[in-house]
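What follows is a short report on a single structure.
The values are calculated or read from the model by the stated rules, or taken from the named source; none is laboratory data. Computed from a prediction, not measured in an experiment: that's the story for all the values here. Neighbour counts are summed over all protein chains in view; Cβ atoms, including those assigned to glycine, are modelled from backbone coordinates with ideal geometry. Protein only, heavy atoms only, side chains kept; ligands, DNA and RNA dropped before computing areas. Shrake-Rupley method; radii C 1.70, N 1.55, O 1.52, S 1.80 Å.
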Amino acid sequence: MPTADKPVRQSDTLPAAVGVQVRRLEKARRLSANRMLLELIENGMAAERRKQQEFFDLAERFRNAADPAEVERLGDPMGRTVFGS
């Protein structure tokens, strides 16, 4: 992913368990803590965009469905997405 033109300095505190997992990942991948956190954040943002796009695609299919059985079949995962499991 392309980085911003001007880096932004940000200081955040991680829960201890998350910090341990990040350190394990950075050692396993031989990356700096900063680079590992950057990759994790970028991957999370990409996953969130995919999740949002999948929802919009599902909503479009739901809106265009004419068959009542298909409407019910599509409504279940859409309800889980909106209201949680």
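Take GLU42 and decide whether it is surrounded by 12 or more Cβ atoms within 10 Å (Cβ to Cβ), more than 18 Å from VAL82 (Cβ to Cβ) and in contact (Cβ under 8 Å) with a residue 40 or more places away in the chain. Spelling it out, GLU42 is indeed surrounded by 12 or more Cβ atoms within 10 Å (Cβ to Cβ), more than 18 Å from VAL82 (Cβ to Cβ) and in contact (Cβ under 8 Å) with a residue 40 or more places away in the chain.
Of the set (1) part of a helix (DSSP H, G or I); (2) open to solvent by 70 Å² or more (accessible area, probe 1.4 Å); (3) among the aliphatic types (A, V, I, L, M), all apply to LEU14 but (1).
Only residues that are over 23 Å from the mean Cα position of the chain (by Cα) and open to solvent by 80 Å² or more (accessible area, probe 1.4 Å) were counted across the stretch 68-85, and they come to 3. In the set (1) under 30 Å from MET78 (Cβ atoms); (2) outside any helix (DSSP H, G or I), the condition left unmet by GLU60 is number (2). Scanning the stretch 45-60 for residues that are surrounded by 13 or more Cβ atoms within 10 Å (Cβ to Cβ) and not aromatic (Phe, Trp, Tyr) yields LEU58, ALA59.
Going by the conditions given, is GLU26 surrounded by 13 or more Cβ atoms within 10 Å (Cβ to Cβ) and part of a helix (DSSP H, G or I)?
In short, yes.
Here ARG63 fulfils each of the conditions (1) within 15 Å of the chain's Cα centre (by Cα); (2) of a type in the set (D, E, K, R); (3) at pLDDT below 95 apart from (1).
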